[in-house]
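The values are calculated or read from the model by the stated rules, or taken from the named source; none is laboratory data. Note that this is a predicted model, so its numbers are computed, not measured. No Cβ is skipped: glycine too gets one built from the backbone with ideal geometry, and neighbour counts run over all protein chains shown. Heavy atoms of the whole protein, side chains included, go into the accessibility calculation; ligands, DNA and RNA do not. Shrake-Rupley method; radii C 1.70, N 1.55, O 1.52, S 1.80 Å.
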Amino acid sequence: MKKSVLILIILNFLILFPIIFLCFYNYPSADDFSYGVALKNNSFVDIQIQRYLDWTSRYIATGVLTVSPLAFNSINYFGIYSLVFIVLFFVGFLYFLKSIEVDNLKKRFLL
């Protein structure tokens with residue numbers, strides 16, 4: 001293994017480990033409770049239409065937050081959202097690197 005690849009692996013680990021560790025201490029705040037209560041009164045599609053027309057421009061985040069553990073009377077698994085968004089960011093960044101033609105898969109993954 002090349003020295004530069006090993007340095008990138010260690011750097012990625014050092015950057016991501018604290019963030020992933022802190023994900024498990026993520027708890028809902030004020031506006032998150034409104035997403036949890038909304039699913040009790042309306043369907044998922046009705047909530048998305050209402051949020052799209054009246055409230056916010058965070059379309060994917062609104063969809064994910066609508067099915068939060070708060071809708072099922074639990075805050076225990078709320079930290080999973082941080083992990084989901086980190087994974088979605090990672091996948092989106094890999095797609096971006098592929099679209100600008102960074103061909104080497106290992107280089108794309110480590111960047």
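The alpha carbons of the stretch 12-61 stretch over 42, 19, 16 Å along the principal axes, in descending order.
Computed log10 I(q)/I(0) for the stretch 1-99 at 0.13, 0.14 Å⁻¹: -0.60, -0.67, from the Debye equation with unit scatterers placed on every C-alpha and solvent omitted.
Inter-label distance, Ser29 to Ala61: 1.0 nm, where each label sits 7 Å from its Cα along the C-beta direction.
Over the chain, dividing the summed -39,500 (n - 2.57) contributions of all DSSP H runs of at least 4 residues by the number of residues returns a 222 nm mean residue ellipticity of -21000 deg cm²/dmol. The loop-placed chymotrypsin sites (Phe, Trp or Tyr not before Pro) in the stretch 29-61, going by DSSP, include none that has at most 16 neighbouring Cβ atoms within 10 Å of its Cβ. Rounded to the nearest 10 degrees, what's the angle between the helix 3-23 long axis and the longest principal axis of the chain, both from Cα atoms, 0 to 90? Approximately 20 degrees, to the nearest 10. Solvent-accessible surface of the chain, averaged per residue with a 1.4 angstrom probe and all protein chains in place: 75 square angstrom.
Using C-alpha pairs below 8 Å separated by at least 6 residues, the relative contact order for the stretch 1-76 is 35 percent.
Around the Cα centre of the chain, unit charges on the Cβ atoms of Lys, Arg, Asp and Glu (plus for the first two, minus for the last two) sum to a dipole of about 580 debye. Angle of helix 80-99 to the longest C-alpha principal axis of the chain, folded into 0 to 90 degrees and rounded to 10: 50°.
Considering only Ile9, Phe89, Phe24, and ranking their Cα positions along the charge dipole of the chain that arises from unit charges at the beta-carbon of Lys, Arg, Asp and Glu, the one farthest toward the positive end is Ile9. In terms of Cα to Cα distance under 20 Å, which aspartates and glutamates are near enough to Lys2, apart from those fewer than 8 places away along the same chain? Lys2 reaches Asp103. Checking the a/c ratio against 1.5 first, then a/b against b/c, what shape does the Cα gyration tensor give for the stretch 41-104? It is oblate, given that a/c is not under 1.5 and a/b is not larger than b/c. Under the simplified labelling scheme, the Asp54-Ile75 pair shows an inter-label distance of 2.6 nm, with each label point 7 Å from Cα along Cα→Cβ.
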